[in-house]
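Here's the structure we're looking at; comments come further down.
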Amino acid sequence: MANYLKDNVGGITGGYALADGVKVKVPYSFMGSIYDEEEKEALIHVLKQDSLTAGPQVSSFQKEFAQHLGVKHALATTSCTTAMHVVAQAFGIGAGDEVIVTPNTFIATSLAVIKEGGIPVYADIDPRTYNIDPKEVARKVTRRTKAIFVVHFGGQMCDMDAIMEIARAHKLLVMEDCAHAHGAMYKGRRAGTIGDAGCFSFHSLKNMTMGEGGMISTNRDDLVPKMELLRNMNIKSWENQKYYWLPSHFDVVDVDGKWGINYRMNEFQAALGRTQLRKLPSLIEKRREIGHAIDAGIRGIKGITGTYEDPDCFHAYHLYTLCVEPEELGASRDEFLRCLYFEEGVQGILHYQPTYDFTGVKKYLKAAKHGGQFCPIADKFFYKREMNLPMHPRLGHEDVDAIVKGITNAARKVRDSGK
């Protein structure tokens with residue numbers, strides 16, 4: 001069992017700091033951005049406000065985020081998970097509705113479907129981009145399919161033209177999970193602007209962060225009233241309310257039988273988000289510089305595959321995904337990862353385990369008579385090939401050199417040990 005430090009109350013969702021005695025040269029950091037005096041001043045400003053939640057900072061952040069993306073609407077939430085839940089409800093996902101989703105993602109993407117009684121139907125991934133494969137999506141469409149939830153893995157967008165063509169042909173709704181995709185583009189269009197709605201994360205390790213937080217983007221005017229209610233406990237003003245106290249302060253209405261909860265962002269998060277949004281171009285530029293330096297450093301190492309950049313995409317390098325090709329390397333991915341960590345001091349991690357392999361999801365799918373789902377490319381990707389290297393904009397030249405040397409040395413060592 002991993003010996004997580006006792007103050008890491010979030011377990012693997014809060015970091016990978018281990019008390020195992022390994023001298024780590026380049027740890028896997030859960031702080032994905034850079035803070036300075038600007039963030040400090042923003043927080044101090046909020047302390048002087050009357051409102052600490054859903055106030056002027058949130059309103060400004062929503063407007064600025066929408067302008068950044070070039071969409072009509074942006075709605076702030078407590079997390080990307082809650083954003084996706086709101087979208088699933090606004091889409092009308094209900095019992096027995098099928099939603100096509102990638103298995104190569106955090107559990108949150110499927111939970112938004114499961115919480116509404118829907119059925120996640122997993123489509124396999126492209127072996128180069130690790131994104132959902134449109135050809136596999138097309139194969140999974142049935143008369144019960146209601147939506148497609150895509151995930152822009154690692155900061156590289158899916159083939160959205162192909163996805164939207166399938167959606168239009170079958171009258172399906174599309175949600176873009178943009179948790180990895182701040183700054184990412186597809187054919188000049190930003191993540192979160194192509195589907196019916198996009199959902200962003202501001203978790204600690206994201207390209208821009210407030211610790212936690214989320215945002216919904218959409219150009220669909222008809223979805224906004226539903227989303228506004230669902231992220232705020234279905235609260236609205238009374239019709240023809242003359243004074244704020246008559247007949248009472250607010251009314252509560254359902255949204256097509258759906259009930260929301262308190263998913264409001266607070267003012268501290270929004271103030272940080274506004275500063276981070278201004279820094280985002282330089283943060284992405286730094287991530288791309290680091291990613292390209294790793295690419296150049298490991299190119300030509302037999303049995304090691306670096307991150308692929310689709311020529312149609314602008315990769316935001318939320319993750320740097322490294323793949324081991326066991327047949328070429330002459331050793332398994334796990335042997336390589338152990339050597340990289342214990343002997344070279346570079347902390348790589350594995351994610352994402354195919355969602356259908358989790359105990360609770362298997363139980364849910366079996367009960368819904370959708371058990372036994374399997375995506376061979378995604379399975380091989382997680383269990384045999386992939387790992388993610390440390391990637392954040394605070395990495396310096398020495399860190400990048402240590403990563404490249406670590407990969408080079410680990411590949412040589414495991415190859416030699418297998419002779």
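A short reminder: the numbers here are calculations on the coordinates, not readings from a lab. Nothing here was measured: the structure is a model prediction, and the numbers come from that model. Here the Cβ is made from the backbone with ideal geometry for all residues, glycine too, and neighbour counts use every protein chain on show.
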Using alpha carbon centroids, what distance separates region 223-244 and region 120-148, in Å?
36
Cα-only radius of gyration and Dmax that characterise region 37-275, units Å:
18.2, 60
Calculated FRET efficiency, Ala19 and Asp251, Cβ-Cβ r, R0 41 Å, to nearest 0.05?
0.20
For region 37-275 the mean separation of alpha carbon contacts under 8 Å (6+ apart) over residue count, i.e. relative contact order in percent, is 26
Output the antiparallel fraction of DSSP beta bridges having both residues in the chain, as a percent to the nearest 5.
60
Once amide hydrogens are built 1.01 Å from N within the peptide plane, the residues lying 5 or more places from Val174 or on another chain with amide H under 5 Å from its amide H are Ile148, Asp196, Ala197
Most fluctuating residue given options Val346, Val86, Val255, as computed from a GNM of the chain linking Cα atoms under 10 Å:
Val255
Residue-count net charge about Glu309 - beta-carbon cut-off 12 Å; Lys, Arg +1, Asp, Glu -1
-1
Between Leu280 and Ala95, what is the label-point separation in nm under the 7 Å Cα-to-beta-carbon projection?
4.0
Region 278-303-region 66-104 distance, computed between alpha-carbon centres (Å)
30
Of all DSSP beta bridges having both residues in region 37-275, the percent classed as antiparallel (nearest 5) is 50
Quick one: if the Förster radius is 41 Å, what FRET efficiency do Trp238 and Lys187 give, using the C-beta to C-beta distance and rounding to 0.05?
0.35
Vicinal HN-Hα couplings computed from phi for region 262-271 (Karplus, 6.51 cos²θ - 1.76 cosθ + 1.60; Hz; Gly/Pro x):
6, 10, 7, 7, 8, 5, 5, 4, 5, 4
Could you pull out every residue, at least 5 positions away or on a different chain, whose amide H is within less than 5 Å of the one on Val121? Hs are placed 1.01 Å off N in the peptide plane, and Pro or chain starts have none.
Val99, Ile100, Val101
Region 179-241: C-alpha pair distances exceeding 16 Å, %:
58
Checking Ile304, Ile148, Ile261 against a Gaussian network model of the chain (alpha-carbon springs below 10 Å), the top fluctuating residue turns out to be Ile261
Assuming R0 = 35 Å, what is the FRET efficiency of His292 and Lys362, from their Cβ-Cβ distance, to the nearest 0.05?
0.30
I need the per residue convex hull volume for the chain, using only the alpha carbons, in cubic angstrom as a whole number.
156
Please arrange His180, His152, His68 by counting, for each residue, the other beta carbons lying within 10 Å of its beta carbon, fewest first.
His68, His180, His152
Structure shown: which of Lys206/Lys279; Lys72/Lys226; Lys146/Lys366; Lys72/Lys146 lie over 22 Å apart, alpha-carbon to alpha-carbon?
Lys72/Lys146
Stretch gain in nm, segment Leu47-Lys380, where the contour uses 0.36 nm per residue and the Cα spacing is subtracted
114.9 nm
Among Gly372, Gly96, Gly297, determine the one that fluctuates most according to a GNM of the chain built with springs between C-alpha atoms less than 10 Å apart.
Gly372
From the phi angles alone, apply the Karplus equation (6.51, -1.76, 1.60; θ = phi - 60°) to region 120-128 and give each ³J(HN,Hα) in whole Hz, x where the residue is Gly or Pro.
x, 10, 8, 9, 5, 10, 6, x, 9
Summed residue charge, Cβ within 15 Å of Ala74's Cβ, Lys/Arg positive, Asp/Glu negative:
+2
Highest-first arrangement of 318-324, 284-290, where packing means the average Cβ count within 10 Å
318-324, 284-290
For the chain, what is the relative contact order in percent, using Cα pairs closer than 8 Å and at least 6 residues apart in sequence?
22
Footprinting proxy, Phe61, Phe381: sorted fewest to most Cβ within 10 Å, the residues are Phe381, Phe61
Any chance you could give the angle, 0 to 90 degrees and rounded to 10, that helix 160-170 forms with the longest Cα principal axis of the chain?
50
Which ³J(HN,Hα) values, rounded to whole Hz and listed in residue order, are derived for region 313-328 from phi using the Karplus coefficients 6.51, -1.76 and 1.60 in 6.51 cos²θ - 1.76 cosθ + 1.60 with θ = phi - 60°, glycine and proline given as x?
10, 9, 7, 8, 6, 4, 10, 10, 9, 10, 10, 9, 9, x, 5, 7
Amide H of Gly32: which non-local residues (sequence gap of 5 or more, or other chain) have their own amide H closer than 5 Å, using H built in the peptide plane?
Leu205, Lys206
